[in-house]
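Presented below is the structure to which this report refers.
Readers should treat all values here as calculations from the given coordinates under stated rules, not as data from a laboratory. Fair warning: this is a prediction, and the values are worked out from it, not measured in the lab. Note that each Cβ is placed from the backbone with ideal geometry, even for glycine, and that neighbours are counted across all protein chains shown.
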Amino acid sequence: MKLWRTPLDAEKVRVPHGVVSVIIERCKGCSFCVEYCPRDVLIISRNFNKKGYHYPEVVSEGLCVDCNLCEDICPEFAIYSDPVENTPAPATKENT
Amino acid sequence: MSEQAVLTGEHFMTGDEAAAEGGLAAGCRFFGGYPITPATEVTEVMAKRLPGVGGVFIQMEDEMASMNTLLGAAWGGMKSMTSTSGPGFSLMMENLGLGIITETPCVLVNVQRGGPSTGLPTLVGQQDMMQAKWGSHGDYEIIALAPSSPQEAFDFTIHAFNFSEQYRLPVLLMMDESVGHMFEKVVIPKAEDIKLVPRRITKDKPADYLPFKPDDDLVPPMIEFGEGYRVHITGLTHDEKGYPVINAEAQQPLVRRLCEKITKNADKIYMYDERELDDAEVVVISYGITARIAQQVVNECRAEGKKVGHLRLITCWPFPEPIVRKLADRIKGFVVPEINLGQMSLEVERVAGRGIPTICVPNAGGEVHNPEDIHAVIREVLK
Amino acid sequence: MSTAPAKAAPVERKELHHPKDTMLREDRLPHIWCPTCGIGTAVSCFVEALRETNIPEEKVAVVSGIGCTGRVAGYVNLDSFHTTHGRAIPFATGLALAKPDMKVVVFSGDGDLVAIGGNHIINAARRNMNITVICINNFIYGMTGGQCASTTPQIAKTSTTPTGNTDYPFNVPYLMDACGATYIARWTVLHIRRLKKAMGEALNKKGFSFIEVIAPCATLYARRNRLGTGFDLMKFYHDNSEIQHGADTKMVDIGFQEKIICGKFVDIDKPTFLERYRGETNGGGK
């Protein structure tokens, strides 16, 4: 995530970290999760599920901030993120 | 909540009022209605009486809505009822079907007037008898009772509620304008003397409960919403779990069971009144207000020494086939006066067969039969 | 849109349980809605909103009518009833009166609620019946194959308006406002956070609350009007939605591919039908 300036409390705020899971067989390939993920964690897989849809795939696990947007916007109840406890703040794009 | 639900004692009231009191005595605590002549008085009594007994009355925007509120209230655990007449009855047909397929107990009072369409709002008819059986689309069986007096309007409304709970379906009280507007003595018994069939609530726990898994008598036990059962009830063809299943494998057993829960239990449902049938050569079959005229004719015939009997239908549906078939084997003919141009007479003819005549005494409505018209047909058959 | 590298990633097929599954009829998923249909997202927001309200789940019922959105009742793991076309609100009325301790939610489509069920929705709002109505508006009859609805914007093509709709569509929030609804909001399914918040507010509201949810119908509305995919409609919502809380509902009508004004338009309090009926407040009743 690009920031205009470093927030004053950046040191104190611990950015949450999440792990994304995809229930592949429920996906109908709408791509909402891929497009609206604020951290670009997901891409469209080249693989098909049983129904012939390209489902999302996690490419940048470490970037997920467990915002649940993919979970809420998914019309198929096919994707969700779980918070990861006790992990250091994930690396931002700037310092990777 | 301070008034008496059961007005024990002797009253002078109309059939419409008696039907409303019958509903209250049967435990009805929800009424969703829409005014229509000649059934409005049922609605008015309920509007006045229900708040006092802890119930709810609501006047809906139309009859489709009224019918649906009954289903909602029934799944909310209440006994529910509405009243209407011809045009409103037509509008209720849509959700009568929903009540049938979702197996929802409730009672509809149809105070019949002359039709078709707006027809004769203030005058008598018995022209909805076939609509009662076939009015909603799809195959189904129904229970319909026809009272001949305000006392019966009271009594049969209670029967209607009991049947609706026992067999889980909407039950029809097919009254007519004459009975609905007729003032007569009505005796209301003590509350403890009124036999009521309670709702068939399941004993299963939520995890085990299947909303459409029938008992041995083909009727599934029910639940009430808001009790943690998390059921899904749909007007689509469904499986025992209540889930929509759109194929012949689900349709065949469901529709057959919906019909068979009535046809296979019909012996326990049939109600009729037999008068002087033992030696009868001609039997008059009638119902509702027409039965009172028919009985007068039968009495006159007997006084003249003619062997005429009277079978008065109380359950028009299911049609009491066994008694009609038994009579058909030994009498000379049936005479069926009714305030339509031949509806239940078709059913009599179907059951009696072609061996003996079944003659309808038709009447297009607006007035009851002239006894002489019935008499003339009886003389013809006896010839 | 980025795509995966050429090498095929191994497919992981372990047993996964979505956190919303407990509130869904998991055994009926995947649901019948088309890819990019917005109804699923609205249901997702609804179950999340419901969870956040702390209303006991067994005290919530969902009632639907007929149509694509009519299938919602069959997917939520709550007491649910799938009525005939247009009649969800009268059923909900009966249920809400019989069970005043329950929260009865009507979840249905624009055709079901404001066309065939129009008489019911205006009267339920007028009575201030204690129900929450969530109306998915996709501007078209989806289940039957894309016919013109009473919400289809002028110009828009449907299977029954092949040269473009000439009728004036309903401005649904204005209609509800005129009927006296106590809570009226409109969001698109792109506004997931705001939609969820609005659903929570509506669920906690006593009286007739109404939310119009603008949702994409890619298969019929977008295709017939050459608007691209459901995702293109989401992008359109992103670029053309304008949030105006408290907007005059008269001004929030939706033209074909024109600005969609979203927000919470009405939030007032007045006695419900049952409160007036039981004489618990002024306003008549026994």
Read phi for every residue in the range A:67-77 and hand back ³J(HN,Hα) as whole Hz from Karplus 6.51 cos²θ - 1.76 cosθ + 1.60, θ = phi - 60°, with x for Gly and Pro. 7, 6, 5, 4, 5, 6, 8, 5, x, 10, 6
Sequence gap at least 6, Cα distance under 8 Å: using those rules, report the relative contact order of chain B to the nearest whole percent. 16 percent
Rh_Kirkwood(the range C:34-107) over Cα pairs, Å, one decimal, evaluates to 12.6 Å
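Which order do the peptides C:231-238, B:86-93, C:90-97, C:159-166 come out in when sorted by mean C-beta neighbours inside 10 angstrom, highest first? All intermediate terms of the calculation are to be shown ahead of the outcome.
Details: C:231-238: 18.8, B:86-93: 22.1, C:90-97: 30.6, C:159-166: 13.5.
Ranking the peptides C:231-238, B:86-93, C:90-97, C:159-166 by packing returns C:90-97, B:86-93, C:231-238, C:159-166.
Over all directions, the average projected area of the alpha-carbon convex hull for the protein assembly as shown comes to how many nm²? Could you put the intermediate results ahead of the total?
Details: hull surface 154.9 nm².
Averaged projected area of the protein assembly as shown's Cα convex hull equals 38.7 nm².
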Compute the angle between helix C:88-98 and the longest alpha-carbon principal axis of chain C, please, reported from 0 to 90 degrees and rounded to the nearest 10. 40 degrees
Semi-axes of the range A:22-83's equivalent ellipsoid from the Cα gyration tensor, sqrt of 5 times each eigenvalue, largest first, rounded to whole Å? 18, 12, 9
I need the peptides A:31-39, B:272-280, B:35-43 ranked by packing, meaning the mean over residues of other C-beta atoms within 10 angstrom, with the highest value on top. B:35-43, A:31-39, B:272-280
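Could you work out the mean count of beta carbons from other protein chains within 10 Å of each residue's beta carbon in B:50-56? Intermediate values should be presented prior to the final figure.
Working: counts 2, 5, 1, 0, 1, 2, 8.
Whole-number average of other-chain Cβ neighbours for B:50-56 is 3.
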Would you grab the residues whose amide H sits under 5 Å from the one on B:Cys360? Only those 5+ places off in sequence or on another chain, please, with H modelled 1.01 Å from N. B:Val336
Here the net charge surrounding B:Val381, from other residues whose Cβ is less than 9 Å away from its Cβ (Lys, Arg +1; Asp, Glu -1), is +1
Counting helices only, and only those DSSP H runs with n ≥ 4, report the 222 nm mean residue ellipticity of chain B as the sum of -39,500 (n - 2.57) divided by its residues, in deg cm²/dmol to the nearest 500. -11500 deg cm²/dmol
Hey, got the average number of other protein chain Cβ atoms within 10 angstrom for residues in A:23-30? 6
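Provide the net charge surrounding C:Asp239, with neighbours chosen by a C-beta distance below 15 Å and charges set as Lys +1, Arg +1, Asp -1, Glu -1. List each step's numbers first, then the result.
Details: positive: C:Lys235, C:Lys259; negative: A:Glu35, C:Asp232, C:Glu242, C:Glu258.
The answer is -2.
At 4 °C and 1.567 mPa s, what whole-number value in µm²/s does Stokes-Einstein give for the translational diffusion of chain B, with Rh from the Kirkwood sum over Cα pairs?
Working: Rh = 21.3 Å.
Stokes-Einstein gives a translational diffusion coefficient of 61 µm²/s.
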How large is the Kirkwood hydrodynamic radius of chain C, in angstrom, based on all distinct alpha carbon pairs? 19.4 Å
If you add up the charges near B:His11, with Lys and Arg at +1 and Asp and Glu at -1, over every other residue whose beta carbon is less than 9 angstrom from its beta carbon, what do you get? -2
So if I take the centroid of the Cα atoms in the range C:193-235 and the same for the range C:122-174, what is the distance between those two points in Å? 13 Å
Going by how many other beta carbons lie within 10 Å of each one, how would you line up C:Val104, A:Val19, C:Val47, fewest first? A:Val19, C:Val47, C:Val104
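Using 19 Å as the Cα-Cα cut-off, could you pick out the over-long pairs in C:Lys59/C:Lys264; B:Lys213/C:Lys59; C:Lys103/C:Lys270; A:Lys51/C:Lys235? Don't jump to the answer; show the numbers that get you there.
On the way: C:Lys59/C:Lys264 26 Å; B:Lys213/C:Lys59 24 Å; C:Lys103/C:Lys270 17 Å; A:Lys51/C:Lys235 26 Å.
Listed pairs above 19 Å: C:Lys59/C:Lys264; B:Lys213/C:Lys59; A:Lys51/C:Lys235.
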Kindly express, to the nearest 10 degrees and within the range 0 to 90, the angle between helix B:150-167's C-alpha long axis and the longest C-alpha principal axis of chain B. 50 degrees
Quick check: the angle from helix B:40-49's long axis to the longest principal axis of chain B, C-alpha only, nearest 10 degrees? 40 degrees
Peptide B:228-238, shielding by other chains (average Cβ, 10 Å cutoff): 6
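Step through the table entries B:Lys203/B:Lys241; B:Lys307/B:Lys332; B:Lys79/C:Lys99, compare each Cα-Cα distance with 19 Å, and write down the pairs that go over it.
Details: B:Lys203/B:Lys241 16 Å; B:Lys307/B:Lys332 10 Å; B:Lys79/C:Lys99 13 Å.
From the list (B:Lys203/B:Lys241; B:Lys307/B:Lys332; B:Lys79/C:Lys99), the Cα-Cα distance tops 19 Å for no pair.
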Once amide H atoms are built 1.01 Å from N in the peptide plane, which residues 5 or more positions from C:Phe208, or in another chain, come under 5 Å H to H? C:Met129, C:Ile131, C:Thr182
Cα-Cα pairs in the range C:90-192 separated by more than 23 Å, as a whole percent of all pairs, come to 32 percent
